[in-house]
Amino acid sequence: MNKPLLPGFTLGNYMIDEPLVLAPMAGITDLPFRRICKGFGVGLMVTEMIASRAVDMGRERTQRMAELGDDEHPVSIQIAGSDPEFVTEAARWAVGHGADFVDINMGCPVKKICKQVAGSAMLRDEALVARVLEAVVAAVDVPVTLKIRTGWDDQSKNVENIARIAESSGIQLLTVHGRTRAQMFHGHACWEDIGLAKAAVSIPVIGNGDIVDAASAREMIRISGCDGVMVGRAVQGNPWVLAEVSAALMGKPTPAKPTASARWSIVHEHMLALAEHHGVRCASKLARKHVLWYSKGLHGSAEFRQSFQTLDDWQQMLELAALYFMNLNETAGG
Ligand SMILES: Cc1cc2nc3c(=O)[nH]c(=O)nc-3n(C[C@H](O)[C@H](O)[C@H](O)COP(=O)(O)O)c2cc1C
């Protein structure tokens, strides 16, 4: 067996031997999906972004977003916001909810967030970045981590500056999505820019953007020299891609893709967990998204989608999904 591609790193009291991180994705990486992903070899989890002001309101939905599983540690709760007081309060609240780390979001490109000068809009105000990070680091006794893009736009890329500010503010791990805010999710992530951040600091740097398989993970590591990789959109309907990336990182052979029956077990487990965590009303909406992703590219998926999308009744959704996924033959299931 080959030796691991990356040595891993320590973060607080944890040794992250397997530097594979599941990307935070709002509306997707809730506790049920994180649990599914954990089974495929994730070494570090991050929750969906929680707006710092939402913490204050004590909404049930916010509480649910911060619910962590005993089986998913080490896990980070991600906070977005720009007011040092609100962000600090939210960070303390996150630690109170059992977060092993607090991750600060300075990468979100969504207009609603950027309008409040939070998410990626923060990158335009380096002094504010330092104020927020220093305040959070001083307020909590767990490691604070940061997730950024490479800058606001091509003309104002400042990934190295932000990386240095992060390190000198006491941030213990930096994740870089290799796109600017202006790129949103278009074009290619620039892995060379992740390398600029890596060269600028001595804290671990996680590379993110456009990893879709073992080969792309290896290539990002080669180009950027990053200490770990984060996978996002490629896991949608395809969480077993994490096992492939994990095997590449750990120097193990590529595992086989799940058989049709193993795929159905995952879909079924995911649906049941969604209902338990969110209640069937909310689970129906979420399952529509996830189950359709799971069916992408499979035999007869167009017809299945058409019928599944029209259903509102949870029991009927479960039955139709079972009928479809259980009747895929093994070769069509790949
Ligand atoms: C639907 C969706 C929701 C996202 N939500 C978050 C979020 O809550 N916090 C965050 O830092 N990034 C968020 N992201 C960005 C991802 O974490 C990641 O940086 C981005 O998708 C690039 O990685 P990928 O190419 O592997 O998908 C989101 C992305 C998507 C597609």
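Ordering 37, 114, 282 from the fewest to the most neighbouring beta carbons within 10 Å gives 282, 114, 37.
If you place +1 on the Cβ of every Lys and Arg, -1 on the Cβ of every Asp and Glu, and leave all else neutral, what size is the dipole of the stretch 203-334 about its Cα centre, to the nearest 20 Debye? Could you put the intermediate results ahead of the total?
Working: 12 positive and 12 negative charges, 41 e Å.
It comes to approximately 200 debye.
Within the shell of other residues whose beta carbon sits under 15 angstrom from the beta carbon of residue 304, the net charge comes to +3, with Lys and Arg scored +1 and Asp and Glu -1. Here's how it looks for residue 6: its modeled amide H is under 5 Å from none belonging to a residue 5 or more places away or on a different chain.
For residue 78, the amide hydrogen comes within under 5 Å of the amide hydrogens of 47, 50, 103, counting only partners 5 or more places away or on other chains and with H modelled in the peptide plane. A simple rule links phi to the HN-Hα coupling: the Karplus curve 6.51 cos²θ - 1.76 cosθ + 1.60 with θ = phi - 60°, which for the stretch 161-178 gives 4, 5, 4, 5, 4, 4, 4, 6, 7, x, 5, 9, 7, 10, 10, 10, 8, x Hz, with x for Gly and Pro. Residues 177, 277, 290, 73, ranked from the fewest to the most other C-beta atoms within 10 Å, line up as 73, 277, 290, 177.
Computed 3J(HN,Hα) for the stretch 245-256, one whole-Hz value per residue from the Karplus formula 6.51 cos²θ - 1.76 cosθ + 1.60 where θ = phi - 60°, is 5, 4, 4, 4, 5, 8, x, 9, x, 5, x, 5, glycine and proline marked x. Cross-link reach is defined here as a Cα-Cα straight distance under 22 Å, omitting same-chain residues fewer than 8 places apart; for residue 157 the lysines meeting it are 111, 112, 115, 147, 198. Kindly provide the helix-only [θ] at 222 nm of the chain, computed as the sum of -39,500 (n - 2.57) over DSSP H runs of four or more divided by all residues, to the nearest 500 deg cm²/dmol? Taken over the chain, the calculation gives -13500 deg cm²/dmol. Across the chain, counting alpha-carbon atoms alone, Rg and Dmax equal 19.8, 58 Å. The chymotrypsin sites (Phe, Trp or Tyr not before Pro) of the stretch 161-266 that meet both conditions, a loop assignment by DSSP and at most 13 other Cβ atoms within 10 Å of the site Cβ, are 185. So what's the gap between the Cα centers of the stretch 188-224 and the stretch 126-162, to the nearest angstrom? Computed from Cα coordinates, the inter-centre distance equals 18 Å. The radius of gyration of the Cα set in the stretch 260-326, together with its Dmax, comes out at 10.8, 30 angstrom. The C-alpha atoms of the stretch 1-89 occupy a region whose extents along the principal axes are 51, 27, 20 Å, arranged from largest to smallest. Taking the DSSP beta bridges with both ends in the chain, the antiparallel portion is around 10 percent.
Listing 263, 164 from fewest to most neighbouring C-beta atoms within 10 Å gives 164, 263.
Each value in this text was obtained by applying a stated rule to the coordinates, not by laboratory testing. Bear in mind that the values here come from a model prediction, so they are computed numbers and not experimental data. Every residue, glycine as well, gets a Cβ built from its backbone with ideal geometry; the counts of neighbours run over all protein chains shown.
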